[in-house]
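Reading through the structure tokens given below for one structure.
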Amino acid sequence: MSGAEDYIDFAKPFSIYFNLLKGLSDTRKPSQRRLSNMKHMYFNDEAYNKMLDADDSLVYEFYELGTPENAGDIAFGTSIVYPGKVGNEYFMTKGHFHNVLDTAEVYICLQGQGFMLLENPEGDWKTEELRPGQAVYCAIRYAHRSINVGNEPLVTFFAFRGDAGHDYGTIEKKGYRKLIVEMEGTPSVVDNPNWK
């Protein structure tokens with residue numbers, strides 16, 4: 001492949017490059033989420049608005065292939081969550097369910113320190129630590145969100161079925177039941193006061 005916009009024929013085998021330390025690809029362009037894309041994702045609106053007024057920081061980005069949405073295909077790529085906080089809440093991804101709710105996803109941490117926050121519609125929730133070499137299995141029916149609690153980028157490789165899609169809307173409306181925030185210098189799980 002010679003450039004980021006090269007066509008991939010998913011009906012044939014192919015290879016693609018992802019840097020195993022930084023998650024970057026020299027053959028793809030990333031999708032980016034800045035602070036302005038994260039409205040109502042953080043529970044402290046005052047801290048969010050103050051921070052946004054100062055700078056529209058890059059919160060996270062991800063490299064994906066635009067895989068065909070077929071059950072037999074595998075969507076994969078890398079996600080990079082940058083270090084930072086809004087108030088005492090760490091930078092994170094928006095988080096999502098899959099449109100095909102009975103879809104699992106696997107994340108492998110390549111760099112950094114963080115947590116995967118997981119929650120299903122029935123109210124069960126869990127956190128799994130993300131550290132280099134750790135693989136996290138996001139079971140079917142669980143929304144998942146990557147949270148960077150360290151001082152360097154949190155880089156993960158992900159893979160899931162091609163037709164699963166992403167349901168961001170449920171999280172945008174309801175939020176997660178739990179938050180991971182810094183308390184006395186330590187990541188702590190607390191109830192989300194804004195959960196609906």
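Round to a whole angstrom and tell me the spacing of the C-alpha centers of region 20-51 and region 140-196.
Using only Cα atoms, the two centres lie 13 Å from each other.
With 10 angstrom as the radius, rank Thr103, Thr156 by how many other C-beta atoms surround their C-beta, starting from the fewest.
Thr103, Thr156
Treating only the Cβ atoms of Lys and Arg (+1) and Asp and Glu (-1) as charged, compute the dipole magnitude of region 31-191 about its Cα centre; round to the nearest 20 debye.
Charge dipole, region 31-191, about its Cα centre: 60 debye, nearest 20.
Pull out a ≥ b ≥ c, the square roots of the eigenvalues of the alpha-carbon gyration tensor of region 137-192, then state rounded if a/c is under 1.5, prolate if not and a/b is larger than b/c, and oblate in the remaining case.
Note, shape of region 137-192 comes out oblate.
I'm checking a number: the convex hull volume of the Cα atoms of region 103-196, normalised per residue, in Å³. What is it?
98
Where does region 75-117 land on Rg/Rh, using Cα atoms and the Kirkwood Rh?
Using only Cα positions, Rg/Rh for region 75-117 is 0.99.
Helix 45-54 versus the longest principal axis of the chain: what angle, 0 to 90°, nearest 10, using Cα atoms?
Helix 45-54 sits at roughly 60 degrees to that axis.
Given 4 °C and 1.567 mPa s, how large is the Stokes-Einstein diffusion coefficient of region 28-81 in µm²/s, with Rh as the Kirkwood radius over Cα pairs?
99
Under 10 °C and 1.306 mPa s, how fast does region 31-191 diffuse according to Stokes-Einstein, given a Kirkwood radius computed over C-alpha pairs? Answer in µm²/s, whole number.
Rounded, D is 100 µm²/s.
Please compute the length gained on full extension between Lys12 and Asp56, using 0.36 nm multiplied by the number of residues separating them and subtracting their Cα-Cα distance.
This chain segment gains 11.8 nm when fully extended.
Rule-based calculations on the coordinates, nothing more; no lab input. These figures come from a predicted structure and were not determined experimentally. For neighbour counting, all protein chains shown are included, and Cβ atoms are generated from backbone atoms with ideal geometry for every residue, glycine included.
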